[in-house]
Structures are given as C-alpha cells and as structure tokens.
1. Within region 30-48, can you find the residues that are hydroxyl-bearing (Ser, Thr, Tyr) and without any contact (Cβ under 8 Å) to a residue 12 or more places away in the chain?
2. Considering every residue within region 10-27, establish whether at least one is among the charged types (D, E, K, R), out of contact with any Phe, Trp or Tyr (no Cβ under 6 Å at 6 or more places or on another chain) and modelled with pLDDT of 85 or more.
3. Between a residue in region 49-71 that is over 17 Å from Arg35 (Cβ atoms) and modelled with pLDDT of 95 or more and any residue that is of a type in the set (Asp, Glu) and part of a strand (DSSP E or B), which pairs come within a Cβ distance under 6 Å, given they are 6 or more apart or on different chains?
Amino acid sequence: MTLIARHAFIACCLLALALPVSAATLKEAIEQVERETRGKVLAADTIRTRGTLVYRIKVLMPDGRVRIFQIPA
C-alpha cells in the first residue's frame with residue numbers, strides 16, 4: 001500500500017470514529033472500537049457526562065499511542 005493510500009485509509013478510519021455512533025451495550029462499543037482501530041482495549045467504563053451516558057474506552061493503538069474514545073450509550 002502506498003504512503004498516500006495508507007494515510008487516506010487512516011484518515012477515513014479516524015473520521016468514522018469521530019462520528020457520533022451509539023452502541024447499545026459496553027461490549028458492543030468495545031467490539032466496535034477494536035474492529036475500527038485494530039488496537040487493544042486497555043480499559044472501558046460507562047460514565048455520565050452532561051447528563052448523558054457515554055462509554056469511555058482506552059485503547060492501545062497499533063502504533064503504540066494510547067487514545068481514549070467516547071461513544072454515546
């Protein structure tokens with residue numbers, strides 16, 4: 001895969017993760033993040049922020065960085 005194609009693929013993946021997609025359960029949210037990032041989930045919990053429930057998922061990305069994703073419950 002060329003460098004440009006790889007960067008385009010990564011940009012599309014990040015855009016998909018930025019969209020407000022809700023998951024019915026924490027397990028589904030974890031599976032979604034694992035599938036879309038190909039990373040390893042380090043921690044996951046449900047939090048309340050601004051009166052709504054959000055799944056907070058901490059992921060070790062394939063490049064070694066740690067990212068936190070918030071998915072509406």
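The values are calculated or read from the model by the stated rules, or taken from the named source; none is laboratory data. In this text, all values refer to a predicted model and were calculated from it rather than measured experimentally. In this analysis, Cβ positions are derived from the backbone assuming ideal geometry, glycine residues included, and neighbour counts consider all displayed protein chains.
1. First pass over region 30-48, keeping only residues hydroxyl-bearing (Ser, Thr, Tyr): 37, 46.
Of everything in region 30-48, nothing turns out to be hydroxyl-bearing (Ser, Thr, Tyr) and without any contact (Cβ under 8 Å) to a residue 12 or more places away in the chain.
2. yes
3. These pairs meet every condition: Arg56/Asp45.
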